[in-house]
């Protein structure tokens, strides 16, 4: 295949990536709860109406920063689709109460510092279901670009080596050259915030950090559905009521049995945590969806009897106990108590496991 054709195919796979950080005017909170709920529903429906042209992920920053309330991470094929969604959101009844203190526009492209296979994988964004999301714009010094490619590659090799020590942290790099005020927007997905903190601390000692001009502001975001995100901003009466209902009993309803047919599987949420349900030989097993080794999605793994193999690095776990049975993981996965009544699947708090 010619170089020109390869470049054309890569270009065709590139995506537009937009990070829109919103702040809600406090005057909106003074509106009656019913009016707030209608406004939130209208806003959610506007976002959902563009589901055929772009992908949106919502995150709450309530309690994380004082200057923004939530993030919409958007991935599209065209700038026009991002603009159309922004216009639609401005036209909702919530729109007049929204400001956007921070906005970052970027695109995907292959990295020159990794293998061709890895570069191809990074040409498209594939969001995970991780609970936490860390985002910041990034600018390098002009001296960095005056170095030879070999010099930059040597330093990036160290940078990459450090990053691979923390497999629970997934990096998404997008590029803004000539499009926005930053050069890159880096976004990290993880279920282990402490791993991200340790990663950033270690990268400060890498030689590449000498060539960092700016990497702020930094945003710590919590993944939720858009409706849940907006509920963290508006009236808390419904949230408090739900919390009281949950605390009335140990068991929580998570799915209908019909949604997990024999041999089937389903990802649900229990007390805010992702749980993978498996229906094996007439029994429902529940195990934390994130592999304790590197957060691979166990729901996508291979089931053999009561064993599950993680699709990322082939760690094996016992669905009954969570104990590791092979592969790189030395830590057990979390398992949950299950009961089925009247066609409904209920989960209780995690059983204790020992390594």
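Numerical summary
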item: Label point distance in nm, residue 225-residue 79, each placed 7 Å from Cα along Cα→Cβ; result: 3.5
item: Distance in nm between pseudo-label sites at residue 341 and residue 256 (7 Å out along the Cβ direction from Cα); result: 1.9
item: Average projected area [Cα convex hull, the range 249-299], square nanometres; result: 3.9
item: Packing-based order for 282-292, 324-334, using average beta carbon neighbours within 10 Å, highest first; result: 282-292, 324-334
item: Calculated over the range 192-233: convex hull of Cα atoms, volume per residue (Å³); result: 94
item: Point-to-point label distance, residue 215-residue 146, nm (Cα→Cβ direction, 7 Å offset); result: 2.2
item: The chain, relative contact order in percent, only Cα pairs under 8 angstrom and at least six apart counted; result: 14
item: MRE, 222 nm, helices only [DSSP H, n ≥ 4, -39500 (n - 2.57), over the chain, to nearest 500]; result: -8000 deg cm²/dmol
item: Cβ-derived FRET efficiency at R0 22 Å, residue 64 paired with residue 27, nearest 0.05; result: 0.50
item: Length added when fully stretched, residue 120-residue 202, from 0.36 nm per residue minus Cα-Cα; result: 26.8 nm
item: Ranked by how many other beta carbons lie within 10 Å on average, peptides 24-36, 177-189 from highest; result: 177-189, 24-36
item: Relative packing of peptides 222-230, 206-214, 262-270, 142-150 - highest average C-beta neighbours within 10 Å first; result: 222-230, 262-270, 206-214, 142-150
item: Bins of 5 Å from zero: percent of alpha-carbon pairs in the range 249-350; result: 3, 15, 28, 25, 18, 9, 3, 0
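Readers should treat all values here as calculations from the given coordinates under stated rules, not as data from a laboratory. In this text the structure is predicted, and so the values were computed from the model without any measurement. No Cβ is skipped: glycine too gets one built from the backbone with ideal geometry, and neighbour counts run over all protein chains shown.
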